[in-house]
1. Any idea of the accessible area per residue across the chain, 1.4 Å probe, to the nearest Å²?
2. Take every DSSP beta bridge whose two residues both sit in segment 1-156, then give the antiparallel share in percent to the nearest 5.
3. Quick one, which of (1) 17.9, 61; (2) 19.3, 62; (3) 19.9, 66 is the actual Rg and Dmax of the Cα atoms in Å calculated for this model?
4. Rounded to the nearest 5, what % of the DSSP beta bridges within the chain are antiparallel ones?
5. List, in order, the whole-Hz ³J(HN,Hα) value for each residue of segment 165-174 obtained from phi through the Karplus relation with A = 6.51, B = -1.76, C = 1.60 and θ = phi - 60°; use x for Gly and Pro.
6. Could you work out the local net charge near Trp101, counting Lys and Arg as +1, Asp and Glu as -1, over the other residues with Cβ closer than 13 Å to its Cβ?
7. Quick one: which residues, 5 or more positions from Leu195 or on another chain, have an amide H under 5 Å from its amide H? H modelled 1.01 Å from N in the peptide plane, none for Pro or chain starts.
8. Applying a 10 Å radius around every beta-carbon, put 35-41, 13-19, 193-199 in order of their mean neighbour count, most first.
Amino acid sequence: MAEVRVPILMYHAVATDPNDATRALSVTPHAFAQQMAVIGDLGLTPVTTADLAARWRTGRPLPPRPVLVTFDDGYEGVHRHALPALAKHGFPATLFVSTGWLRGAYDTGGGLDRMLDWDQVRELADAGVEIGGHSHSHPQLDQLDDDALRFELTRCRDIVAGELGALPVSFAYPYGYSSRRVRQEVRATGYAQALAVGNDLARRHQGPYALRRVTVRRSTGLEEFERLIEGRAIARTFARDRALTKGYAMVRRARQVRRKATRTRV
């Protein structure tokens, strides 16, 4: 029996007029509404990250043609524009928040555009959106030392739990970057599953802490979007992204080696 391949869609901002920092990885409200309509028309079944991982972990069957709708960072347009479109179709989703970017008591000022506040996050959660962690200040986690890494993960976990009354169980790596050490620490912090990027379909064999997603950006037209959710031409669509990712992975590994060597000399 062929392994089920699940499209996990990665969104960021949903905005009519995003700023330059978020424009490329944003989608317009109209485009997002059209994309949700395509999911409905094709008969796909949106699920949350926690639901998909739990089904794979326990062996429970997946629903017909599962798909995940996920958002990173915590931009205000997820509440203003995406939530009505999701509600129209009765679709669940997962929002991964960088707690230090959200408006409110924990705001570090790092948010790239207009961000959600905690009342809006609670409204999203009440509407069926799973709230997951995305670190506190959105660093490249694989470049942090152990103490800084632990702080980013636990601070995010504790803030979400304090604001929502429940521990987050799903995590998404900022920029998609992780390593064995990062994944082990994510698990030790209490997250049951985590998402990378990879621009590929998710499969059970990837493991619960390295499930891959596909990027939806402002340039994604409806035909390309339909190909993504049907799993067609994924490699060709993201060939350039994958080449850049491999190159930058080599750079990051070299940086890690230099830092370890420096700490050893000291």
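1. Per-residue value: 47 Å².
2. Within segment 1-156, antiparallel bridges account for around 5 percent of the total.
3. Working out Rg and Dmax of the Cα atoms in Å from the coordinates points to (1).
4. 5 percent
5. Karplus-based 3J(HN,Hα) across segment 165-174 equals x, 8, 5, x, 10, 10, 9, 10, 6, x Hz.
6. -4
7. Amide H neighbours of Leu195: Phe171, Ala172, Tyr173.
8. Taking the mean over residues of other Cβ atoms within 10 Å, the ranking is 193-199, 13-19, 35-41.
The values are calculated or read from the model by the stated rules, or taken from the named source; none is laboratory data. All values reported here derive from a predicted model rather than from experimental measurement. Using ideal geometry, Cβ is built from the backbone for each residue, glycine included, and neighbour counts are taken over all protein chains shown. The area values use the complete protein model at the heavy-atom level, side chains included, leaving out ligands, DNA and RNA. Shrake-Rupley method; radii C 1.70, N 1.55, O 1.52, S 1.80 Å.
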